[in-house]
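Worksheet: the structure to be examined is printed underneath.
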Amino acid sequence: MSTLQISQVSRWFANVVAVNDVTMTIGPGVTGLLGPNGAGKSTLIHMMGGLLGPSTGSVTLDGDVIWRNEQIYRRIGLVPEREAMYDVVTGWEFVLANARLHRLPDPEGAAERALETVEMTGTQDRGIAGYSKGMKQRIKMATALVHDPPVLLLDEPFNGMDPRQRLQLMELLREMGRQGRTVLFSSHILEEVEQVASNIQVMVAGRHAASGDFREIRRLMTERPHQYTIRSDDDRALAAAIMTEGSVSGVQLTSTGRGIGTHDGGGALHVQATDFAAFVRTLPPLARRHGIRLYEVAPADESLESVFSYLVSR
Amino acid sequence: MNGTVARLTARGLLGRRRALLLLLLPAVLLSLSAMARGLAGADQQLAVTLLGGFALGTLVPLLGLIAGTGAIGPEIDDGSIVYLLTKPLNRHAIVVTKFAVAAAVVTVLGALPTFAAGLVLTGTSANLAVGYAVGTAVAGVAYCALFLLLAVVTRNAVVIGLLYALVWETLIGQFVPGAQALSIQQWSLAVTERIVGAPAEQLGATSAVGLATAVVLLVVVTAGATWYAGRQLRTIRLTSEV
Ligand SMILES: Nc1ncnc2c1ncn2[C@@H]1O[C@H](COP(=O)(O)OP(=O)(O)O)[C@@H](O)[C@H]1O
Ligand SMILES: [Mg+2]
């Protein structure tokens, strides 16, 4: 049972702050590190994997500092995001080389077990250069597992996998978690994370935005205010009417309407609804009562970024 | 030293196109020497021109550049060095192993062919074959250490190495006396000069630096560059993009 402790860690590159004052504890089981591209997930994983030093703060494994501590790799297995390996060799040779680099007492046996775990024994004698993306991912996984580490770090492991490979890897990660290992993987897709991770850590723009199990994260994401863009023949009057609604927390008018029947096409109403079901139900009768014609009701950008930026400013 | 690191390095270094490039250079030296011997007979002056100008002046710096940077540069560029870095291995051991593999390659493909070329050109007369073989061997070792360090500290190691070997040592070194004192080629030539002995003077195989200075500088550069490369590898920053 191993615990990664990240304490008030920041990391900057020149004037870019990649990780900003993050504190989190990663214990046994599967943890998903969720965040959009550029959130700082890889930077954080590199610091947990000892490939990068924190600018401030500390990253430890069971109390031992990870940075510049080569012996820590007896307890950590890292699956890097990049695909490059020593591809002049076969899968078997590469995993065996990794076992030898760990100076394991029985490198052949360890390599065999690792290749069995990732189900690559059938194709282990082919050159790595000829492997598919999914096979390469599994060989990378085997190199990280070859010394049976209590901690496993994976950077975007599902990238480029087909659905079947994705399911296999998910099952493997769950199994690793059940065995009591501390497994942490990064992803920018919530659905991916919530299927595997019992614990989710959300990062946005370098900050630790939220944490919890998938239900808590889901709730944060679905019970947030919903944004709508509305066009009508009298945005100003509609804005006034909408404000009387209990399900609405904010209304913004972008270009002034010029009165009934003179909709100029450029104006719009931006509405923030706290209870989106109620809002969608009451909007049409509301407009009818005030004699306003609705041209368009569209949910604003639902991209992950906007979801996450909400989590940050929450 | 680590056997597994050595095997992986050798496979990478001698794999595919780079091996052809590495073999091409000594092949050129040997054919030139055979041609020279056939056309001009055993000519010591011609031997010094070929062994000093081509073997020591061009072949070995280029081999050192290819092997020294190639022993670690591609792994850093494509990120696969992460498989060595995430192991409980001393960083100095990784660098020393890679340096040893590169130095062995340059000795086998640089110094040995130089010895053979010397024999072809002049037999064993005036110790030219042995002199230049030892000179190219120590030069090759020093180039490997220097260029391996370059590959650890900069992505532009090949360009900077080429500029050093060809522009600094060959061009500037010929015309600016001070620059010759900072030249692996000149230090190695001092070793060659000593082995060749008295005939070196009249054949023009003389170095701008004394033997003692040369040996000290060769050792300092080789050991210092290897040590510093190991230190830099401890904190090397890998790019995170795919
Ligand atoms: N080596 C680096 N040099 C400069 N900036 C970097 C470096 N690594 C990451 N960054 C920057 O730090 C931020 C976080 O990057 P990263 O950790 O790769 O995010 P993620 O993995 O979540 O996509 C980005 O803005 C990125 O451009
Ligand atoms: Mg990333």
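The values are calculated or read from the model by the stated rules, or taken from the named source; none is laboratory data. Just so it is clear, the structure is predicted and the values come from calculations on it, not from any experiment. Note that we place each Cβ from the backbone using ideal geometry, even for glycine, and neighbour counts take in every protein chain shown. Heavy atoms of the whole protein, side chains included, go into the accessibility calculation; ligands, DNA and RNA do not. Shrake-Rupley method; radii C 1.70, N 1.55, O 1.52, S 1.80 Å.
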One can check that the equivalent ellipsoid of the range B:89-222, built from the alpha-carbon gyration tensor with semi-axes equal to the square roots of five times its eigenvalues, has lengths in Å, largest first, of 26, 18, 13
Across all Cα atoms of chain B, Rg and the largest Cα-Cα distance (Dmax), in Å, are 18.2, 59
For the range B:132-242, whose charge dipole is built from +1 on Lys and Arg Cβ atoms and -1 on Asp and Glu Cβ atoms, the candidate among B:146, B:209, B:187 with its Cα farthest towards the positive end is B:146
Rounded to the nearest 500, the 222 nm mean residue ellipticity computed for chain A from DSSP H runs (n ≥ 4, each -39500 (n - 2.57)) alone is -10000 deg cm²/dmol
The answer for chain A, accessible area per residue at 1.4 Å probe in Å², is 44
Computed over the Cα atoms of the range B:1-115, the Rg and Dmax in Å are 17.1, 58
With Cα springs under 10 Å, the Gaussian network model of chain A assigns the largest mean-square fluctuation among A:137, A:227, A:71 to A:71
If R0 = 51 Å, then residue A:213 and residue B:223, at their Cβ-Cβ distance, give a FRET efficiency to the nearest 0.05 of 0.40
So the angle from the long Cα axis of helix B:128-153 to the longest Cα principal axis of chain B, reported in degrees to the nearest 10, equals 20
Filtered hits (aspartates and glutamates, Cα-Cα < 13 Å from residue B:98, offset >= 8 within chain) -> B:75
Residues whose built amide H sits under 5 Å from the amide H of residue A:250, excluding neighbours closer than 5 in sequence, are A:272
Put B:222, A:244, B:136 in order of accessible area, largest first, probe 1.4 Å, and you get A:244, B:222, B:136
For the range B:3-233, the percent of accessible surface on carbon and sulfur atoms (probe 1.4 angstrom, ligands and nucleic acids excluded) is 70
Residues whose modelled amide H sits under 5 Å from the amide H of residue A:202, counting only those 5 or more places away in sequence or on another chain, are A:34, A:209, A:210, A:211
Contact order relative to length for chain A, counting C-alpha pairs under 8 Å separated by 6 or more residues, stands in percent at 20
At the level of C-alpha centres, the distance separating the range B:162-204 and the range B:122-143, in angstrom, is 13
Helix B:184-196: inclination vs chain B longest Cα principal axis, degrees, rounded to 10, gives 40
From the Cα centre of the range A:142-175 to that of the range B:65-89, the distance in Å is 24
Order by accessible surface, 1.4 Å probe, largest leading, for residues B:227, B:168 comes to B:227, B:168
Expected vector for the range A:235-247, Karplus 3J(HN,Hα) from phi with 6.51, -1.76, 1.60 and θ = phi - 60°, integer Hz, x for Gly and Pro, equals 4, 5, 5, 5, 4, 4, 5, 5, 4, 7, 7, x, 7
dims of the range A:1-144, Cα set, principal axes, largest to smallest, nearest Å -> 46, 32, 26
Per the helix-only model, chain B has a calculated mean residue ellipticity at 222 nm (DSSP H runs of ≥4, -39500 (n - 2.57) each, divided over all residues, rounded to the nearest 500) of -21500 deg cm²/dmol
For A:136, A:41, the accessible-area ranking with a 1.4 Å probe, largest leading, is A:136, A:41
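Can you give the local net charge around residue B:153? Use residues other than it whose beta-carbon is closer than 12 angstrom to its beta-carbon, Lys and Arg +1, Asp and Glu -1. Before the final figure, lay out the partial values.
Values: positive: B:155, B:231, B:237; negative: none.
Local net charge: +3.
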Shape call for the range A:90-248, from the Cα gyration tensor axes a ≥ b ≥ c (a/c under 1.5 means rounded, otherwise prolate when a/b beats b/c, else oblate), comes out prolate
For residue A:41, counting only aspartates and glutamates whose alpha-carbon sits under 16 Å away and dropping same-chain residues fewer than eight positions off, the answer is A:21, A:81, A:155, A:156, A:192, A:305, B:241
By the C-alpha gyration tensor axes a ≥ b ≥ c (rounded if a/c is under 1.5, else prolate when a/b exceeds b/c, else oblate), the shape of the range B:61-150 is prolate
Computed ³J(HN,Hα) along the range A:43-58: with the Karplus parameters 6.51/-1.76/1.60, θ = phi - 60°, integer Hz and x for glycine or proline, the list is 4, 5, 5, 4, 6, 5, x, x, 8, 8, x, x, 5, 9, x, 9
For residue A:84, the net charge from surrounding residues (Cβ-Cβ under 11 Å; K, R +1; D, E -1) works out to -3
Counting only protein heavy atoms and leaving out ligands, DNA and RNA, the solvent-accessible surface of residue A:243 at a 1.4 Å probe, in Å² to the nearest 10, equals 100
proj_area_mean for chain A (convex hull on C-alpha atoms), units nm², value 19.8
Here the Cα Rg-to-2.2 N^0.38 Å ratio for the protein assembly as shown is 1.34
For the range A:70-153, Rg(Cα) over 2.2 N^0.38 Å is 0.98
For chain A, the longest principal axis of the Cα atoms and the Cα long axis of helix A:91-101 enclose an angle in degrees, to the nearest 10, of 70
